[in-house]
Amino acid sequence: MDKLLNKINSPADLKGLTNDELNILCREIREFLIDSVSETGGHLASNLGVVELTVALHTVFNVPEDKIIFDVGHQSYVHKLLTGRKELFHTLRQFGGLSGFPKSSESESDAFNTGHSSTSISAALGIARGRDLDGASYNVISVFGDGALTGGMMYEAMNDAGHTKTPLILILNDNAMSISKNVGAVSKHLRKLRSQPAYFRSKQAVESFLKLIPLVGKPAVTLIKHIKRFFRRLVIPTTLFDDLGFRYMGPVDGHNIKSLITCLEYARDEQRPVLLHIQTKKGKGYIPAENNPQKFHGISAFDKTTGQTKSSKETYSSRFGSAMLRLAEANPKVTAITGAMPDGTGLNEFHKRFKNRFFDVGIAEQHGVTLSAGLAKAGYIPVIPLYSSFLQRAYDQTLHDVCLQNLHVVFPIDRAGIVGADGETHQGIYDISYLAHMPNMTILSPASLDQLENMLDFAVNSFNAPIAIRYPRGSAQADGITSGFTLGKAQIISEGTDITIIASGRMVKRAQEVAKIAGKSVEIIALPTIKPMDEAAVISSAMKTGSVITIEDNVKTGGIGSMIATILKENQIECKFKIFAFPDSPVTHGSIDELDKLYGLDAASIASKI
């Protein structure tokens, strides 16, 4: 029997389907996602949870005329399937293939590019206001998870949207998860609403009753409105969203296609700010993902029968986590802060063993950094590991609250450099540039797992100022790198007379690969300390070889190469000089090896330029 999914080539193909057919389609979509993502890897659990919601959205609304903005965007796979990209799905997150996130250059159905959390309401409100200025009448819908509500930007946007009465539909996909379980007062508020399943039904019943109160002439209109408002407040408790100016609807079963369509049609017709609160199960329909939604939030290729991934080596993240246990055991002042990612950053065991010194702030990097500043002021040693692309969300807090006060906050920067398949919104290639100019900031960069552990020990126990340790995704290590390092000192990995290669982090191994095939006498300088730079070592080697190249896992502007160019210029060192780094343009998705080659950072490309 031909599958129903094979007949769906655009949202228009959904319009005539019955509820039973839509339920069949949802089941087929889940099967398709499991089959496909098991081959390519990707964000499986979040997409399994929004199948019915996405089908209902495309049944009620007309994309691309109506605009759907997905917060973060990792839950947009079903949307992509239904908007003409089914045949390309085998290329998901592959070099040259479909992005794992909404991308307007990929399809006009993707209304706004997203990759980070808590941005969708602001974007949706901007689009809605543009619509109103144009005198148009299309719908604008923001879809976000309860995890996004830990981000302060959401409340800034709701505060703005609620009081202006701009027609806007917000859909809160409540699965009690971001990547890990959600935390905080907002999560508690949502739990309270979930525990009152009759809330929406009672609200509808009371409002239906109140509508039956007759209006007797114009003089009575105002009075009746006040009476209605009084009874509504008396009988129905208000929510945070009501108080912010939204017509709250929910909680609604997010896996009941009929209820979803009814509610979405109601929200569409309201013509005012509406918030529809739906409850879903992350990973629904695939038992391994239901049982372990954290693991299947973002997962590499796996065996769909067992749910098992291939065994992996020890990574920088896992080594960081084990080192933190040792440091916290020895020093009661060590604290750990995470932005909803204890698993991704290696802090799960720390959370279990040192609960009173572990603080999960949710997806709120700005708050997390300033919280760390406060802890440092109180005499503690806060360690706040964040992915490089997420730390950039807290630029001002890092500069203003930590660096200007010269506070002892440790910033382990995970996923620094290129990250691969997650693409342009997640590449960690900007942190050197945005940290190097901050006063009092020190930047370290290990070239091996042992060196990371040594640097973390130093940062926690032997330093007393802001310090960042940037390390890559995975386990790439240079050959022969010991754990030792001296702050502010370069390491001469190999001596040579023809050319100097200066590198840090994972690019030290790349320098070693280049040296093997360059056909020249190569001097390799590793920079375990990026700031402060060892100017003497740079000048000495440049004068010795007369040719210098830098290789870095960062954008060209403001990175290591730029810093060394300044050193050479200021000291009037005449030599040949070239920077190998990523360009000032969005870096696409693909494997790390593919992206290195694309941008001329593989060993063969660099050697050919030498």
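Details
- Most to least accessible of 566, 588 (protein chains only, probe 1.4 Å): 566, 588
- Förster radius 35 Å - calculated FRET efficiency between residue 605 and residue 31, Cβ distance, rounded to 0.05: 0.25
- Region 55-176 - percent relative contact order, Cα under 8 Å, separation 6 or more: 28
- For residue 35, the solvent-accessible surface computed with a 1.4 Å probe is close to 70 Å², ligands and nucleic acids excluded.
- A 1.4 Å probe run over the protein chains yields, for region 313-412, 38 Å² of accessible area per residue, whole-number rounding.
- Extension gain for residue 450 to residue 544 (0.36 nm times residue separation, less C-alpha to C-alpha distance): 30.8 nm.
- Estimated FRET transfer efficiency when R0 is 51 angstrom, pair residue 265-residue 305 (beta carbons, to 0.05): 0.80
- Virtual spin-label span in nm between residue 136 and residue 15, 7 Å along Cα→Cβ: 1.9
- Taking region 1-97 and dividing mean pair separation by its residue count, relative contact order in percent (alpha carbons under 8 Å, at least six apart): 36
- Relative contact order (percent, whole number), the chain, Cα cutoff 8 Å, 6+ residue spacing: 11
- Remark: the chain carries a charge dipole of roughly 1820 debye about the Cα centre, counting +1 on each Lys and Arg Cβ and -1 on each Asp and Glu Cβ.
- Overall Cα dimensions of region 1-125, principal axis frame, Å, largest first: 41, 32, 23
- Net charge contributed by nearby residues that have their C-beta within less than 10 Å of residue 591 (K/R +1, D/E -1): -1
- Angle of helix 365-377 to the longest C-alpha principal axis of the chain, folded into 0 to 90 degrees and rounded to 10: 60°.
- Entries in 281/313; 489/509; 310/516; 310/355; 3/295; 103/258 that, when Cα-Cα distance is taken, lie over 27 Å: 281/313; 310/516; 310/355; 3/295; 103/258
- 222 nm mean residue ellipticity, helices alone, for the chain (DSSP H n ≥ 4; -39,500 (n - 2.57); rounded to 500): -11500 deg cm²/dmol
- With respect to the chain, whose longest principal axis is taken over its alpha-carbon atoms, helix 152-164 is tilted by about 30°.
- Region 531-548 residues near the modelled residue 497 label - backbone nitrogen below 14 Å, point 7 Å along Cα→Cβ: 544-546
- Note on the chain: antiparallel DSSP beta bridges, both residues inside, total approximately 15 percent of the bridges counted.
The values are calculated or read from the model by the stated rules, or taken from the named source; none is laboratory data. Computed from a prediction, not measured in an experiment: that's the story for all the values here. Note: ideal-geometry Cβ built from the backbone for every residue, glycine included; neighbour counts use all protein chains shown. Ligands, DNA and RNA are stripped out before the accessible areas are found, and what is left, the full protein with its side chains, is counted by its heavy atoms. Shrake-Rupley method; radii C 1.70, N 1.55, O 1.52, S 1.80 Å.
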